[in-house]
Each structure stands twice: as structure tokens, then as C-alpha cells.
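K.L.:
Dropping the structure in here first, questions after.
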Amino acid sequence: MSEMNQAMIEKYRSNFLQEVEANVEEGHWVKMCMQCGVCSGSCPMENNWDHPPQELFMMIRANKRDEVLSSSSMWMCTSCYNCIARCPRGLPITHIMHGLASYGKRMGLAPKEQPTVKFGDIFWKSIVENGRVNELKIGVGLYFMNGFVQGIKNALAGKELGLAMMKTKRMNPMEYFGGHKCKDRSGIAKMLAKAAEFEAEHVAKFGK
Amino acid sequence: MSEVVATNETIMVVGGGISGLTAALEAAECGKQVLLIEKAPTVGGRVGQLYKYFPKLCFPTCGLEIQYRRLKANKNIRLMTMTEVAGISGEAGNYSVDLKVAPRYVNENCTACGDCANAVEAEVDDAHNYNMKKTKAAYLPHNMAYPQRYVIDPSIIGTADADKAKAACKVGAVDLEMQEENLSVTVGSVIWATGWKPYDAAKIQPYGYDRYDNVITNVEFERMMDPKGPTGGKIQRADGTTPKNIAFIQCAGSRDRNHLKHCSRICCMASLKQTTYVAEQLGDECKSTIYYIDIRAIDRIDDFHQRVKQDPNVSFVKSKVANIVGGSDGNVVLRGVDTEGYNRYANEHDLVVLATGMQSTVPTGIFPEGTVINEHGFIDLDESNGGIFGAGCSSDALDVNRAAQNATAAALRAIQVVNQVAGTEG
């Protein structure tokens, strides 16, 4: 292709598409979508999301940055891989969905009241604090995700299972107080601090 | 059989469909010796299985008739039916080709009277009708068969049925002693025109071709229009009732990395054409809906597309159907999300026609090393192919018009090769 053609393509390529290509996992595939709709039609989450994948890809091309990154859609993905298996163009749609979700979160645009987002926060907090995941704390955190009263209700509903797990030594209630931690926690903290530095640079470049 | 005369100034054309016939005729009418090889008992190929051509909606029998007329009149063409190529070796101007000739069990005496068919009782799958019906084990492939000569299916050889056929023949045409023959010929150039086959719809798992009786393919729909076909010329569902709401699904197996990567080019026009069959036979009593990614009716044939769009009984949904599930009364439900508004739909139809794609029939393992067959299974135009040229749908997915043009070009290339052998050219 001639240089002039390339220049023309760059001119008409939206900034957000470029941003997605540069920063989102597998983002370079987005331009390959031919809008056939098989991914959307094959998605088991059906009506549970705002924008089907095919629409998200079109919105990326149409430069709708905030609407895409704040969409709840990609957070609803259950990773069933139906879309990847059926996409006629071989787009790794599941991976792009997770890439978009993660990028939206990094840019501070992810929806706040979304269960998967909340779960991610709780999970991440546990890792940052302990250098490893404390399953009991995550479980309790999820129970009380939507307030104290709902948390008690959830706990009572899961009582039988909890007691059975304790009885068979699958769950140790003492883990809630302290629990296992990784050895070099300060090393991990340093590592995460450095990563946060890179992240801040990145947000300064692309974020608002 | 009589001796096959071929020299390194002979052009061998493999495949007697519209492309092969065209290539053979163009070369022969230029005075070249042509050996035309056809695997089936008759020439005519896929075109002989169509009801109408697009965009003029004339009958393919007419076009074939002209080619047959030219074929009969030309002494330069030697036609061999029921013959397959087993291997090609050598180089441009000097190819050695191994041929395998299957026995027809009927010789040149045959007058196509049909007494043998009346005599036998066994029935076999009717390949001309995509196995949608049975035919007698002694049969004429179809009305437009050329040569007009019956065939006895090998499955009845050695049974009482075969003897009945022999006894019924008044002209001594049935020869049950025929054997498979292997022979080797020398030719100067090869035009490969074995055409296409419909993509196996059962492989498109979400569409349930193998699960739902009322999900059929476009080639099967085409056969329904033949008065001598499986439904006697009627558009009907598996239970014999008349459909009221037909869906056509485009790109069923084409433009899809999981199936055929290429665009098959004909299916958009084929479905648009088939909506006119529905209009012609059922009028306002039946609706047609075309589900598509984009309609690829280019240049002058887009007029046809625009004309179909005017029909109030034909509607278009811009969406590749995601999957098909069973409904009531043998109906099926098409599910997906459309691209114009991103609306989720679940539409019930009583008959679904899958516009299945064109799969190349170019074989592997029989061409000389270095012959370039591309990722889609078509023979590329490449210098390293020497004197071997793909024609029609062996070179790309083409409609009849373009296949004939392409075949003429291949004939011209082959002529240059044999001219060099003869020393009359460069």
C-alpha cells in the first residue's frame, strides 16, 4: 500500500481504536470484526448485558471511549468461549472482553456497583495485604458485599455448608484472624509500588 | 474399449462441467486435439443440477444444449466418461497421466430406451438429486445426460437384477463382463476443471442440518424445482406440507475460519434467485427472509438484488444466525443478534435453506511436485505449475459466467504450451 493510503487510514482511524490496540490485551484484533453477530447470538448471558461484543467493537471504532470502558458488559463474561469457538474470523473475543474490563478498571471507568468488579476488588485487597489469597476472607467479604443485613442472611443461608466444611477440616475459622501470609511481604509491596508507578505514567498518558 | 490416441500435442481437460466443456471446446475449435475426462457417467456437472441461472433466470439446459451441440460437432474432442485421473507426472509439453476407467456395463449400442430400468428392481441413491430420492439401479443420470446412455450400478452386478437388465435389452447394449481399466496417456498440457462440491452442511454444528428435517441446503432446494426431482417440482417441507415462512441463511460455511475461509461468491445471488422461485410458485402465500452478513451482489447483478428487495414478501435481516433450535410442528427457531440495532431475535421458520459454500474438489497427491494449490484448495496461476492450469471453480469460487470466462483463458494458456511442443510458437 502506498504511503498516502497509509496516511489516509491513520487519519480516519479513531484515536480510541489506536488506544485499544496499544493497551488492551488482544486489542489489535478489534479491527478484524466484520459485524456478523455470531458472538452476540452465541453468548449464554443473553439479555444480561448492555452491549453485545459486536456492538462494543463497533463502539470502539466509533470512538465511544467512556461508554465502552464504563460498560458492564465485559464484566458479565463467564469465559464459556462460545464466541471464540464460533467467530468466523477467529477473534479471541473472550480475551478481548477481559482485556477491556481490565483496561476500564485501570482507567478508573469500571462500573462501581457491579458484582464482578466488587469481587475483583476484594480478591486484589487480599493479595496486596497478605501476598496470597485468603479464601475465608474473600468468602466473608462477598457475603457482606451488599451490606451487613444481607451479609447475615447470606451467612445463615450457607450455614450447613460452612459447618460441614469445618467438620471435614476444609475450612479453618481461625484463618479469618491473621491467617497465612507470604514470607517476603515487603518485597511484594515494593513490587506492587513499582507497578503502580508504571500504571500512573500510563494513566497520565491515556487517561483523563 | 477402443484405443485412446493422445500425444504431447494433446490438451487434456479434466472435468466435464461447464468450465471443462468450455475449455475443451475453445481449444478444440482452435484446432487442438483434446482429451476430455469426466468422472460421472455424463457431462454437464453442477449446471445440469440447477433449475435456473441468475441473473437472467433462464434454464441451464439451454446453455448446456449449446455446449453439447458444439461437442457433438467437433472431431477434435475425445470424451471419456466414468474416468478418473490417478496421477500426473512429467513436465509442460510432456505429461504422463494415469487414468482409471470404471465400467458402465452398457456399451455404445444403447438407445436410451429405458427397458433395462423397467426390468431391474433394485434402487440406488440418486446422486443427481443429492440422494434426496432413489433411482433404479439401471439408470440414465438425468434427462440432459450426454452421452445419452444408461448406466448399470456396480452394486447389482452378479445379481439376478443384472441378468434381467441384460435380458430386457433388445439391442445388446448391456455388457456385464466390463472391467475397470487402467491406462496411461501422454499429453502436452492439463486443464484441471473438476469444479466444486457443496460444503458439508452437517459440519456447521449450530445449524443442525443433521438434526432438523426442515433445515436443507440451497442445492437441495434447487432440486425441488425440477419436475422430475424428488418433490415433483414442488417446494415442500420434509412432511410434504407447503412452507409459509422460509429462511435463507447466507455464509453457511463460507467466510468462516472454522469452515471455508473464502467467500463462495455465488450464494448471495443463489438465495436471491431462490426467493424468486418461492414467489413464482407460492406467491403471497409464502414469505422469504434472508439472513446475511452483507449481500455481495456486485456490479450489474446488483440490479437483480435491488429487484428482489422490491418484493414485499422478501425481507432481509443483517445478521449471521448464531444457532438454530427446534420449535413446534417441525418448525425451527433461528436465534441471533442483528447488526442494525443489536436486537436479539428468536424467529420461527417452517423451512430453512442454508446457502452452503463452494468447496474445491482439487485433489492432493496426484499433481507433479511444485504445483501450487492455495490454502483454499484452488490451483493458483503460477509459473511453477508448468503446463497445468486450473479452470473455473478449480481456480477460484466463481459463478457460471465467470467460470466460462476463466475456462476460455485456461484454454488459451494450454494452447500456448502445445504450440511450443509443435514448434509453431516461441
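K.L.:
Report yes if some residue within region A:43-66 is acidic (Asp, Glu) and not in a helix (DSSP H, G or I); otherwise report no. Break it down into steps so the answer makes sense when it comes.
P.N.:
The initial filter retains those residues of region A:43-66 that are acidic (Asp, Glu), namely A:46, A:50, A:55, A:66.
Next, only the ones that are not in a helix (DSSP H, G or I) stay: A:50.
Checked against the condition, which is being acidic (Asp, Glu) and not in a helix (DSSP H, G or I), region A:43-66 yields at least one hit.
K.L.:
I'd like the residue in region B:141-152 that is among the hydrophobic types (A, V, I, L, M, F, W, C) and closer than 18 Å to B:ARG46 by Cβ and, out of all such residues, is surrounded by the fewest Cβ atoms within 10 Å (Cβ to Cβ).
P.N.:
Here is the first cut: in region B:141-152, the residues among the hydrophobic types (A, V, I, L, M, F, W, C) are B:144-145, B:151-152.
The next check asks that each one be closer than 18 Å to B:ARG46 by Cβ; those that pass are B:144-145.
Details: B:MET144: 19, B:ALA145: 21.
The extreme case among them is B:MET144.
K.L.:
Could you list all residues from region B:334-351 that are within 20 Å of B:LYS203 (Cα to Cα) and within 12 Å of another protein chain (Cβ to nearest Cβ)? Break it down into steps so the answer makes sense when it comes.
P.N.:
Taking region B:334-351 and keeping what is within 20 Å of B:LYS203 (Cα to Cα), we get B:334-336, B:351.
Residues satisfying the conditions are B:LEU334, B:ARG335, B:GLY336.
Results for (1) outside any strand (DSSP E or B); (2) free of Cβ contacts under 8 Å to residues at least 40 places away in the same chain, shown as yes or no for each residue.
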| site | (1), (2) |
| --- | --- |
| B:PRO312 | yes, yes |
| B:PHE316 | no, yes |
| B:LYS320 | yes, no |
| B:ILE324 | no, no |
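K.L.:
Is it fair to say A:GLY37 is more than 18 Å from the chain's Cα centre (by Cα) and under 23 Å from A:THR78 (Cα atoms)? Before the answer, list the steps.
P.N.:
Numbers: more than 18 Å from the chain's Cα centre (by Cα): yes; under 23 Å from A:THR78 (Cα atoms): yes.
Considered against the rule, which asks whether it is more than 18 Å from the chain's Cα centre (by Cα) and under 23 Å from A:THR78 (Cα atoms), A:GLY37 comes out as yes.
K.L.:
While we're here: Do you know which residues across region A:14-29 are out of contact with any Asp or Glu (no Cβ under 7 Å at 6 or more places or on another chain) and assigned to a helix (DSSP H, G or I)? Break it down stepwise before answering.
P.N.:
Of the residues in region A:14-29, the ones out of contact with any Asp or Glu (no Cβ under 7 Å at 6 or more places or on another chain) are A:14-26, A:29.
Answer for region A:14-29, where residues must be out of contact with any Asp or Glu (no Cβ under 7 Å at 6 or more places or on another chain) and assigned to a helix (DSSP H, G or I): A:ASN15, A:PHE16, A:LEU17, A:GLN18, A:GLU19, A:VAL20, A:GLU21, A:ALA22, A:ASN23, A:TRP29.
K.L.:
Test A:GLY147 against the stated conditions and say whether it is assigned by TED's automatic domain parsing to the domain that holds A:ARG185, closer than 28 Å to A:LEU192 by Cβ and of a type outside the set (Phe, Trp, Tyr). Please lay out each step first, then the result.
P.N.:
Working: assigned by TED's automatic domain parsing to the domain that holds A:ARG185: yes; closer than 28 Å to A:LEU192 by Cβ: no; of a type outside the set (Phe, Trp, Tyr): yes.
In short, no.
K.L.:
Would you point out which residue out of B:VAL325, B:VAL321 is surrounded by fewer than 18 Cβ atoms within 10 Å (Cβ to Cβ), within 14 Å of chain A (Cβ to nearest Cβ) and either more than 30 Å from A:PRO52 (Cβ to Cβ) or modelled with pLDDT of 95 or more (or both)? First the steps, then the outcome.
P.N.:
Working: B:VAL321 fails: surrounded by fewer than 18 Cβ atoms within 10 Å (Cβ to Cβ).
When all the criteria are applied, what remains is B:VAL325.
K.L.:
What strands (runs of 3 or more DSSP E) completely inside region B:130-241 contain at least 2 residues that are under 30 Å from A:VAL38 (Cβ atoms)? Give the derivation first.
P.N.:
Numbers: elements: B:134-136, B:181-187, B:189-192, B:196-198, B:215-217.
Per the criteria, B:196-198, B:215-217.
K.L.:
Could you list all residues from region A:103-162 that are touching a residue at least 40 places away in the same chain (Cβ under 8 Å), farther than 30 Å from A:ILE60 by Cα and not in a helix (DSSP H, G or I)?
P.N.:
A:GLY131, A:ARG132, A:ASN134
K.L.:
Just one of A:LYS125, A:LYS137 is at pLDDT 90 or above and charged (D, E, K, R); which is it?
P.N.:
Details: A:LYS137 fails: at pLDDT 90 or above.
After applying the criteria, what remains is A:LYS125.
K.L.:
Looking at region B:194-222, which of its residues are hydroxyl-bearing (Ser, Thr, Tyr) and within 14 Å of another protein chain (Cβ to nearest Cβ)?
P.N.:
First pass over region B:194-222, keeping only residues hydroxyl-bearing (Ser, Thr, Tyr): B:194, B:199, B:207, B:209, B:212, B:217.
Within region B:194-222, B:TYR199, B:TYR207 qualify.
K.L.:
Hey, another quick one. Go through (1) touching a residue at least 40 places away in the same chain (Cβ under 8 Å); (2) surrounded by 15 or more Cβ atoms within 10 Å (Cβ to Cβ); (3) closer than 27 Å to A:CYS77 by Cα for A:ILE188 and report which single condition fails.
P.N.:
A:ILE188 satisfies every listed condition except (3).
K.L.:
So which residues in region A:69-95 are within 14 Å of chain B (Cβ to nearest Cβ) and part of a helix (DSSP H, G or I)?
P.N.:
A:SER73, A:ASN82, A:CYS83, A:ILE84, A:ALA85, A:ARG86, A:ILE93
The values are calculated or read from the model by the stated rules, or taken from the named source; none is laboratory data. Just so it is clear, the model here is predicted, and its values are computed rather than measured. All Cβ positions, glycine included, derive from the backbone under ideal geometry; neighbour counts span all protein chains shown.
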